[in-house]
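Enquirer: Pasting a structure below so you can have a look.
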Amino acid sequence: MSLEPIGKKEKLYVKIAQQINNAIEKKMYNPGDKLPTERELSAQLNVSRASIREALAVLEIMNVIEVRVGDGSYVMQRTSNFQFETKDSSVFELIEVRVYIESLIVKLAIERATDQNIRDIEATNEGLRKALNNEERIDEFFSYGVAFHKKLAEATQNDVLIQIANSLFEQETHPLWRHLNMKVLLSYEAREHQLHEHEGILNAIKNKDQEKAEELMKHHIEHLKNMFYE
Ligand SMILES: [Zn+2]
Ligand SMILES: [Zn+2]
């Protein structure tokens, strides 16, 4: 096993995924083999476990490996040539920015939301409620979840902020973000929890309780991070 340490640069997880993929191509690992644990890979490559987790998610999307929850990552039979999605941002970095941007969004939404804005936000929660019980509609659930955050941004009435926010949310259609979300949303409890948090945030906005709204939003985004990385 001779994976090399990786320096600090952009799209770290892509480089990690490439290294692991190369190791598999060189037959250091064969189909059915179990890869080293996240902890071992993290020590070997001298990178955080969050980056390893992202790299493994990329490899899983590409059907290079299968991640079995509570067990480990297994090399799969090669089906096609491997292509990396290099435009994709680190989900970890995305979340880091969203915590701040969306705190600002709820603050301004409290000051400026129109009745129509509130109805638009409510409609996304209604969509979540309808899709909640149906495992075949996780796609739909995911879309309403994103729409909630978009409608909230619109309530700030600030076009610059809306553009910034949309650029963050468009990333949610990127494969890595989507992949991690869909995995989390397979759990009914996770879907219910997301709906519950969206309702809480909306209520705090309606009650013009800025402190509570910001606190709930911060928790909501950081909760995602915890679900992805722990
Ligand atoms: Zn949300
Ligand atoms: Zn939570």
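What follows is calculated from the coordinates using simple rules that are stated; it is not laboratory data. All figures in this text were calculated on a predicted structure; none of them were measured in a lab. Glycine gets a Cβ as well: all are built from the backbone with ideal geometry, and neighbour counts include every protein chain shown.
Enquirer: Using the charge dipole of the chain (Lys, Arg: +1 at Cβ; Asp, Glu: -1 at Cβ; taken about the Cα centre), state which of A204, V58, F169 has its Cα farthest towards the positive end.
Expert: Projecting each Cα onto the dipole axis, the largest value belongs to V58.
Enquirer: Related question: Roughly what % of Cα-Cα distances in the stretch 12-75 sit above 20 Å, to the whole percent? Let's see the in-between values first.
Expert: Details: 266 of 2016 pairs.
Counting pairs separated by more than 20 Å, the tail of P(r) holds 13 percent.
Enquirer: Given the options N181, N21, N133, which has the most mean-square fluctuation in a GNM of the chain, springs set between C-alpha atoms less than 10 angstrom apart?
Expert: N133
Enquirer: May I ask you to evaluate 6.51 cos²θ - 1.76 cosθ + 1.60, the Karplus curve with θ = phi - 60°, for each residue of the stretch 106-123 and list the ³J(HN,Hα) values in order in whole Hz, giving x for glycine and proline?
Expert: Whole-Hz 3J(HN,Hα) from phi for the stretch 106-123: 5, 4, 6, 4, 4, 6, 10, 4, 8, 4, 5, 4, 4, 5, 5, 5, 4, 4.
Enquirer: Multiplying the sequence separation of R39 and I164 by 0.36 nm and subtracting their Cα-Cα distance, what value in nm do you get? Mind showing how you got there, number by number?
Expert: Details: separation 125, 0.36 × 125 = 45.00 nm, distance 3.50 nm.
Roughly 41.5 nm would be gained on extension.
Enquirer: For a 20 Å ceiling on Cα separation, which of these pairs sit above it: K151/K183; K15/K218; K107/K218; K130/K225; K150/K206?
Expert: Checking Cα-Cα distances, K151/K183; K15/K218; K130/K225 exceed 20 Å.
Enquirer: For the pair E192/E222, report the inter-label distance in nm, with labels modelled 7 Å from Cα in the Cβ direction.
Expert: 2.5 nm
Enquirer: So for the chain, what percent of the C-alpha to C-alpha distances run longer than 29 Å?
Expert: More than 29 Å apart: 34 percent of the Cα pairs in the chain.
Enquirer: Taking the chain as the reference, fit the longest principal axis to its C-alpha atoms, fit the long axis of helix 175-185 to the helix C-alpha atoms, and give the angle between the two in degrees, 0 to 90, nearest 10.
Expert: So the helix axis and the longest Cα principal axis differ by about 70 degrees.
Enquirer: Show which aspartates and glutamates lie in cross-link reach of K11 when reach means a straight Cα distance below 13 angstrom and same-chain residues fewer than eight apart are skipped.
Expert: Straight-line reach from K11, under 13 Å: E54, E85, D88, E93.
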